Amino acid sequence: MNDVLRIGTLEFASRLIVGTGKYPSLEVMQAAHAASGAQMVTVAIRRIALDDPSGKTLLDYIDRSRVTILPNTAGCYCARDAILTAQLARELLQTDLVKLEVVGDAQTLHPDPRATLEAAERLVADGFTVLPYTGDDPVVCRQLEEIGCAAVMPLAAPIGSGLGVCNPYAIRTIKERAKVPVIVDAGVGTASDAAIAMELGVDAILMNTGIAAARDPVLMARAMRRAVEAGRMAYLAGRMTKRLYASASSPMEHLIAVEEP
């Protein structure tokens, strides 16, 4: 009951953060958000269409009484653009939260570490609560934490790939060293990927395509919710030690001898 996720001054019971892109419709997205139990939803500020004839935008399909919006700077390729996008998000949504993304490669969508560090430093100085998307590099994650970021968000695999946790060693190392929440971002494709990531000890998972691109996004959202919860419980419980050889479930010691007639 007391196992809450703390990011800056905010607290969340759910450790699953979901996105808003790639859904077959905004109505399906809305239903998937509800099924996921997520209390934080990330929104790409540069992709909010303001010219819908109905007068509605993506934001109208998010229950802001129940969830916290995490604006992100997706689509930015330099620190300057990311900073400007974050400032626009603060004006539009009245929040200092920002998921910082500065892409360095258009094909892999891997982040640019130098530009990410530059943007993070300036945004933290400007009073933002910065959650930076970064590679699974323990050194860069440490530097982002030292700058003052409220969390670090290493990728599990390239964005939208669904490959799962490609480098569990790096993720575990980042978590062991970090004093801020570690949120796995990108690459989770199915429920088992989510459970594996959580069993490594990370504090939360952010996912979008794994839910949105499923054949049944609402059902997958429900599965991801349970996987994150199960993985977290397994981590807290502490797994058994792995052994090379068998170990009987019923110990052989102190067995009562049976005499032949």
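Leaving ligands, DNA and RNA out of it, report the carbon-plus-sulfur percent of the accessible area of region 51-152 at a 1.4 Å probe. Reported share for carbon and sulfur atoms: 46 percent.
Let me make sure I get this right: for the chain, a, b and c are the square roots of the gyration tensor eigenvalues over alpha carbons, sorted descending. Under 1.5 in a/c it's rounded, otherwise prolate if a/b > b/c, else oblate. Which is it? Prolate, because a/c is 1.5 or more and a/b exceeds b/c. For the pair Ala106 and Thr190, a Förster radius of 35 Å applied to the C-beta separation gives a FRET efficiency near 0.85, rounded to the nearest 0.05.
State the antiparallel share, in %, of DSSP beta bridges confined to region 57-169, rounding to the nearest 5.
The antiparallel proportion sits near 10 percent.
Residues in region 56-65 carry Karplus couplings, in order, of 8, 10, 3, 5, 6, 9, 10, 7, 6, 7 Hz; the curve used is 6.51 cos²θ - 1.76 cosθ + 1.60 with θ = phi - 60°, and Gly or Pro positions show x.
Where in region 116-141 does the label zone of Thr9 land, with the point 7 angstrom along Cα→C-beta and an amide N cut-off under 18 Å? Taking a point 7 Å out along Cα→Cβ of Thr9, the residues of region 116-141 whose backbone N falls under 18 Å are 124-131. Angle, helix 217-237 long axis vs. longest principal axis of the chain, Cα atoms, 0 to 90°, nearest 10? Orientation of helix 217-237: about 50 degrees from the principal axis. Note that region 200-247 presents 63 Å² accessible area per residue, ligands and nucleic acids not counted, probe 1.4 Å.
Does anyone have the angle between helix 79-93 and the longest principal axis of the chain? Alpha-carbon axes, 0 to 90°, nearest 10? For 79-93 against the chain, the angle is about 90 degrees.
Under 5 Å from the amide H of Leu70 lie the amide H atoms of Val41, Thr42, Val43, each residue being 5 or more positions distant or on a separate chain, with H modelled from the backbone and absent for Pro and chain starts. Along the chain, the longest continuous region that contains none of the trypsin sites (Lys or Arg not before Pro) in a DSSP loop with at most 15 other C-beta atoms within 10 Å is 67-178.
The values are calculated or read from the model by the stated rules, or taken from the named source; none is laboratory data. Remember, it's a predicted structure, so these values are computed and weren't measured experimentally. All Cβ positions, glycine included, derive from the backbone under ideal geometry; neighbour counts span all protein chains shown. Each accessible area value is taken on the protein alone, full model and side chains, heavy atoms only, with ligands, DNA and RNA left out. Shrake-Rupley method; radii C 1.70, N 1.55, O 1.52, S 1.80 Å.
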